[in-house]
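The values are calculated or read from the model by the stated rules, or taken from the named source; none is laboratory data. Everything numeric in this text was worked out from a predicted model, so none of it was measured. Ideal geometry is used to build each Cβ from the backbone, glycine not excepted, and the neighbour counts take in all protein chains shown. Side chains are part of the model used for accessible areas, which takes the heavy atoms of the whole protein and leaves out ligands, DNA and RNA. Shrake-Rupley method; radii C 1.70, N 1.55, O 1.52, S 1.80 Å.
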Amino acid sequence: MKLLHFTAEWCAPCKAMKPVIEEYVKNNPDVEYKMIDIDNDFDSLTTYDVLGVPTYILLSDNKEVNRHTGAMPKQDFLDFMAGE
């Protein structure tokens, strides 16, 4: 699995999610994680059709299997990562 995390420095919900994401990545080394700063990587925005931040896209075999835009409680993020 690969997690694409679209974020921006100025984004308050992104900052709120940062500890949740960091903990998850630390505890799940099998998940490939890529943080994408939308202010520095505009091409990825268009490639993945991202309209807001934070946006999380979960890929399996390079195919999108789950997507969420906006901050969420920790349990909701865990459910998202589990594909629920």
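Some observations on this one:
- Single residue of the range 24-55 satisfying the filter (in a helix (DSSP H, G or I) and touching a residue at least 24 places away in the same chain (Cβ under 8 Å)) that is nearest to Gly83 (Cα to Cα): Tyr24
- Matching residues, the range 39-67, being within 20 Å of Pro19 (Cβ to Cβ) and in contact with a Ser or Thr (Cβ under 7 Å, 6 or more places away or on another chain): Val53, Pro54, Thr55
- Restricted to the range 61-84, and to residues there that are among the aliphatic types (A, V, I, L, M) and not in a strand (DSSP E or B), the residue that is modelled with the lowest pLDDT is Ala82.
- The one condition in (1) in contact with a strand residue (DSSP E or B) (Cβ under 8 Å, 6 or more places away or on another chain); (2) touching a residue at least 24 places away in the same chain (Cβ under 8 Å) that Asn66 fails to fulfil: (2)
- Residue satisfying all of: in the range 54-73; open to solvent by 30 Å² or more (accessible area, probe 1.4 Å) and under 18 Å from Cys11 (Cα atoms); farthest from the chain's Cα centre (by Cα) among these: Pro73
- Residue list for the range 6-23, filter: assigned to a loop (DSSP other than H, G, I, E, B) and out of contact with any helix residue (DSSP H, G or I) (no Cβ under 7 Å at 6 or more places or on another chain): Glu9, Trp10, Cys11
- Condition check for Met81: open to solvent by 60 Å² or more (accessible area, probe 1.4 Å) and either touching a helix residue (DSSP H, G or I) at 6+ places or on another chain (Cβ under 7 Å) or of a type in the set (A, V, I, L, M) (or both): no
- Only a single criterion out of (1) touching a helix residue (DSSP H, G or I) at 6+ places or on another chain (Cβ under 9 Å); (2) in a helix (DSSP H, G or I); (3) of a type outside the set (D, E, K, R) is not satisfied by Leu3, namely (2).
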